[in-house]
Amino acid sequence: MNRRNAIKRLGALAAAAAIGSTGLVGASGMITENKGFMKILAINGSSRKHGNTGDMIDVVLSELSELGHTVERIDFAGHTINPCKACFACAGKRNCVFSDDIFREVYERMTEADVIIIGSPTYSADVSSTIKAVIERASVVSDTNPGMFRHKIGAGIVVGRRAGTMNALDTINRFFLNKEMFVAGSTYWNIAYGRLPGEALNDAEGVATMRNLGKNIAWLLSRLA
Ligand SMILES: Cc1cc2nc3c(=O)[nH]c(=O)nc-3n(C[C@H](O)[C@H](O)[C@H](O)COP(=O)(O)O)c2cc1C
């Protein structure tokens, strides 16, 4: 089965179309009128927009969009996100003061979301540098403006070729836990394996883990709403 059919089979194609998985553009198209549903933001930290990380995110999002939740995916591919400058000028301002990349917009979307999904490929046995930069800057902004992520749900998703996936997932989970968030898990660690684009869709256990992660996030949402 080719990659496109595999995604179709998973029901993820509909979700991808719905969420406008083309970066920041198109994200606003997903806002629904139904105020009973929750906002799910997924960040794709891969340098490949159409890679394994995006595919696994879409599997999780499809479970949530099927239930009517508002889902949005932001792809970092093609973007540079600068590191924290450690100026602490964000104190009291509820966002970073620097506008020379997409961070401020990403941070705003994170604070608006009920659920934050951070997806990363494994790069050098950890998260990608764009995800690390977001974690660094979001940590400082929320530390100097306490409570901005309090009681949100967080879920990390990691793909890798062979090794370092757990370390990357730990990096993401530590961010969530340090920000008073509830971390969603699945039947196994939220990890899938693949090297080339599309390969993670062949990881049956990884895909099943992502599907169940989506269901568990939905369950948590129904209890916290
Ligand atoms: C710069 C770079 C570093 C990588 N380092 C690792 C690694 O340490 N461990 C690993 O298992 N895979 C590593 N990989 C492989 C990717 O994690 C793997 O190809 C993954 O599927 C990429 O996800 P994507 O398709 O969303 O880009 C690396 C890939 C790149 C480009």
Checklist entry - In what order do I102, I40 fall by count of nearby beta-carbon atoms within 10 Å, going from fewest to most? => result I102, I40
Checklist entry - To the nearest 0.05, what FRET efficiency results for F98 and R195 with a Förster distance of 25 Å applied to their C-beta separation? => result 0.10
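Stretch N145-E108 to full length: gain in nm at 0.36 nm per residue minus the Cα-Cα span?
12.0 nm
Out of all DSSP beta bridges with both ends in segment 89-160, state the antiparallel percent to the nearest 5.
10
None of the figures in this text is laboratory data; all of them are computed from the coordinates on show. A quick note: this is a predicted structure, and the numbers were derived from the prediction, not measured. Glycine also receives a Cβ, built like all others from the backbone with ideal geometry; neighbour counts cover every protein chain displayed.
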